[in-house]
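A quick write-up on the structure given underneath.
The values are calculated or read from the model by the stated rules, or taken from the named source; none is laboratory data. Being a predicted model, the structure only gives us computed values, none of them experimental. Positions of Cβ are generated from backbone atoms using ideal geometry, with glycine treated the same way; all protein chains shown enter the neighbour counts. All accessible areas refer to the heavy atoms of the entire protein, side chains included, with ligands and DNA or RNA removed. Shrake-Rupley method; radii C 1.70, N 1.55, O 1.52, S 1.80 Å.
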Amino acid sequence: MTAKTFAYIRVSTKDQNLDRQIISMQKYVSDSRDIFSDKLSGKNFERPGYQSLKYTLRAGDTLYIHSLDRLGRNKSDIKTELLELTSKGVLIRILDVPTTLMDFNQFGPLQKSIMEMVNQILIEVLATFAEAERTRIRERQAEGISAAWKKGVQLGRKAIDFPNS
């Protein structure tokens with residue numbers, strides 16, 4: 001089998017648009033059927049598009065990801081997923097980690113090792129930022145809900161009046 005190139009893109013809600021990420025991925029992935037997507041939170045990896053992608057990937061394939069926070073928002077889970085994919089022989093390219101776009105085969109063993117270490121450091125930092133942003137999102141959401149309650153705003157579905165019987 002020949003190696004293929006795939007992409008993964010994600011937005012957090014159904015109301016958000018994937019177009020910006022699709023356009024950027026078309027530079028790397030020629031067949032739009034090889035761009036997997038989800039419109040779900042990045043809190044975990046139980047997303048149908050991502051799970052289909054994982055099932056599809058084979059050793060030697062290349063996976064492009066728009067940005068690390070599009071992969072996920074949990075640092076530990078991100079690192080676990082990346083390790084699982086690279087252990088499987090999948091080459092990961094993350095557009096907001098420019099060193100992942102480089103071909104390390106042009107370097108000698110020492111330089112290659114240094115560049116791989118740089119990638120790991122960058123991924124560690126960006127995964128930390130992605131997780132911190134998820135925490136900030138949840139805090140802002142809780143503050144908004146609290147403020148709404150204080151104003152007497154009804155959140156969620158309207159209560160249903162049941163007939164007295």
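Note on the stretch 49-63: residues that are β-branched (Val, Ile, Thr) and either within 16 Å of residue 87 (Cβ to Cβ) or buried (at least 16 other Cβ atoms within 10 Å of the Cβ) (or both) amount to 1.
Take the residues of the stretch 22-48 that are open to solvent by less than 30 Å² (accessible area, probe 1.4 Å) and closer than 23 Å to residue 138 by Cβ: which is nearest to the chain's Cα centre (by Cα)? Among those residues, the one meeting the criterion is 42. Restricting attention to the stretch 12-48, the residues that are under 11 Å from residue 70 (Cβ atoms) and in contact (Cβ under 8 Å) with a residue 40 or more places away in the chain total 4. Restricting attention to the stretch 1-21, the residues being among the β-branched types (Val, Ile, Thr), over 21 Å from residue 78 (Cα atoms) and either in a helix (DSSP H, G or I) or open to solvent by less than 40 Å² (accessible area, probe 1.4 Å) (or both) number 0. Evaluate the stretch 43-58: report whether one residue or more is at pLDDT below 90 and charged (D, E, K, R). Within the stretch 43-58 (the criterion being at pLDDT below 90 and charged (D, E, K, R)), the answer is yes, since at least one residue qualifies.
Exactly one residue among 146, 165, 113 is open to solvent by 70 Å² or more (accessible area, probe 1.4 Å), among the small types (Gly, Ala, Ser) and either at pLDDT below 75 or more than 18 Å from residue 100 (Cα to Cα) (or both), and that residue is 165.
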